[in-house]
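This report concerns only the one structure given below.
The values are calculated or read from the model by the stated rules, or taken from the named source; none is laboratory data. These numbers come from a predicted model, not from an experiment. Ideal geometry is used to build each Cβ from the backbone, glycine not excepted, and the neighbour counts take in all protein chains shown. The area values use the complete protein model at the heavy-atom level, side chains included, leaving out ligands, DNA and RNA. Shrake-Rupley method; radii C 1.70, N 1.55, O 1.52, S 1.80 Å.
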Amino acid sequence: MQPMVITAAMVGAETTRAQTPYLPISAEEIAAEAASCRAAGAAMVHLHVREADGTPSQSAALFAKAIAAIRERCDVLIQVSTGGAVGMSVDERCGPLTLTGELRPDMATLTTGTVNFGDDVFLNTRPMVLEIARRIRALGLRAEVECFEAGMMDEALFVAKQGLLDLPAHYDFVLGTPGALAASEATLKFLVSRLPEGCSWTVAGIGRHQLPMAELGIAWGGNARVGLEDNIHLSKGVLAKGSHELVAAVAAKARDHGRSLASPQEARELLRLDGTLQPASSSAI
Ligand code: KMH
Ligand code: ZN
């Protein structure tokens with residue numbers, strides 16, 4: 001099997017310091033955690049940022065600080081969130097897509113549909129999805145298609161047909177969000193079976209599903225995302241002392257299973273991140 005890409009989702013928009021004291025908030029804390037995750041076996045970080053008081057933000061300035069601090073400390077790939085927090089506008093969510101040059105991220109997320117999200121709704125109407133896809137591509141980045149529900153796979157194909165998503169693409173199956181598609185072997189198997197030819201995938205289980213889903217990623221030749229964005233516990237009742245402990249747990253299971261861990265350079269090749277994509281013409285929408 002090919003090397004496995006572990007992505008560390010260290011911050012998120014929903015986890016709070018009241019839930020866990022190990023949540024990184026400042027650029028320095030985020031960079032230190034990114035370096036620990038890299039040392040534990042992560043090739044990529046999925047990045048959100050916060051204001052000093054912990055409020056979720058998609059501010060380009062805060063992303064710039066975090067990205068600069070991470071790159072000073074380690075070579076981990078940086079995938080920025082365009083999901084942000086529920087209720088944010090497209091312009092707000094696309095803050096990190098305004099960063100260029102040294103601060104340009106390596107990848108960006110693209111959720112291809114609306115989903116219940118706990119008591120809230122994570123709104124992604126078709127025009128919103130197409131506009132975010134257009135901005136990701138305009139920066140020459142590849143998207144990671146975030147699927148919280150099965151229909152999001154079909155909508156990703158629609159986005160591709162508009163010339164705004166390049167196939168084969170990389171998908172992240174986010175399973176077990178309260179109010180959305182369950183984290184189970186059956187749901188993951190179905191989603192993997194629906195992947196277009198040549199596509200790669202990661203699985204991110206929410207809460208107690210995180211490590212079991214990661215084990216399926218290992219066993220089935222996929223990849224895994226872990227971290228405090230999705231789950232704060234290392235085991236029942238035991239807080240992870242940072243996302244790096246969750247990365248280390250998955251790395252150990254991967255090695256037990258004979259899967260090697262992808263370096264950032266290998267992840268670049270596996271996820272087809274090399275080279276800059278040509279911006280799609282605006283008439284594509
Ligand atoms: N915070 C969620 C509402 C992403 O990063 O692209 C959306 C999210 C997805 O976290
Ligand atoms: Zn996220």
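Taking H placed 1.01 Å from N in the peptide plane, check which residues at least 5 places from D172 or on another chain put their amide H under 5 Å from its amide H.
It is V145, E146, C147, T202, by chain and number.
For the range 128-249, what percent of Cα pairs sit more than 27 Å apart? List each step's numbers first, then the result.
Values: 1575 of 7381 pairs.
Above the 27 Å cut-off, the range 128-249 has 21 percent of its Cα pairs.
Could you please put F158, F63 in sequence from largest to smallest accessible area, using a 1.4 Å probe? Write out the running numbers ahead of the final one.
Numbers: F158 55, F63 0 Å².
Order by accessible area, largest first: F158, F63.
Through the Karplus equation 6.51 cos²θ - 1.76 cosθ + 1.60, θ set to phi - 60°, convert the phi angles of the range 25-37 into ³J(HN,Hα) values in whole Hz; use x for Gly and Pro.
With the stated coefficients, the range 25-37 comes to 10, 6, 4, 5, 5, 5, 5, 5, 5, 4, 5, 5, 5 Hz.
With a point put 7 Å past each Cα toward its Cβ, work out how far L239 is from V86 in nm, to one decimal.
Each label point lies 7 Å from its Cα, and together they span 2.4 nm.
Given contacts defined as C-alpha pairs under 8 Å and at least six residues apart, what's the relative contact order of the range 66-113, whole-number percent? Each step should come with its number before you reach the end.
Working: 41 pairs, mean separation 22.4, N = 48.
Once divided by the residue count of the range 66-113, the mean separation gives 47 percent.
Give me a comma-separated list of calculated 3J(HN,Hα) values for the range 5-21, in order, Karplus coefficients 6.51, -1.76, 1.60 applied at θ = phi - 60°, integers in Hz, x for any Gly or Pro.
Residue by residue, the range 5-21 yields 8, 9, 10, 9, 9, 8, 10, x, 10, 10, 5, 10, 5, 5, 7, 8, x Hz.
I need the Debye-formula profile for the range 192-258: one equal scatterer per C-alpha, no solvent, reported as log10 I(q)/I(0) at q = 0.13 1/Å, two decimals.
The calculated log intensity ratios at q = 0.13 Å⁻¹ are -0.35.
For the range 39-165, which whole-number percentage of the solvent-accessible area (1.4 Å probe, protein heavy atoms only) is attributable to carbon and sulfur atoms?
51 percent
In the range 178-277, what percent of the accessible surface is made up of carbon and sulfur (1.4 Å probe, ligands and nucleic acids excluded)? Mind showing how you got there, number by number?
Values: 2390 of 4440 Å².
It is 54 percent, rounded to a whole number.
Taking one equal scatterer on every alpha-carbon of the chain, how large is log10 of I(q)/I(0) by Debye at q = 0.09, 0.12, 0.16 1/Å?
Normalising to I(0) and taking log10 leaves -0.36, -0.66, -1.31.
Kirkwood Rh over alpha-carbon pairs of the range 112-174, then Stokes-Einstein at 37 °C and 0.692 mPa s: what D in µm² s⁻¹, rounded to an integer? If you can, show how the numbers build up before the last one.
Working: Rh = 11.8 Å.
D, rounded to a whole number, is 277 µm²/s.
Among M213, M153, M128, determine the one that fluctuates most according to a GNM of the chain built with springs between C-alpha atoms less than 10 Å apart.
Of M213, M153, M128, the Gaussian network model singles out M128 as fluctuating most.
Would you mind checking which residues have amide H under 5 Å from L261's amide H? H placed 1.01 Å from N; only 5 or more apart, or other chain.
Answer set, sorted by chain and number: M4.
Across 10 Å bins from 0, what is the distribution of all Cα-Cα pair distances for the range 13-91, in whole percents?
19, 52, 27, 2
At 4 °C and 1.567 mPa s, what whole-number value in µm²/s does Stokes-Einstein give for the translational diffusion of the range 139-203, with Rh from the Kirkwood sum over Cα pairs?
Working: Rh = 12.1 Å.
It diffuses with D of about 107 µm²/s by this estimate.
How fast does the range 44-140 diffuse by Stokes-Einstein, in µm²/s, taking the Kirkwood radius from C-alpha pairs at 25 °C and 0.890 mPa s? Write down the numbers at each step before the final one.
Values: Rh = 13.8 Å.
This corresponds to a translational diffusion coefficient of 178 µm²/s.
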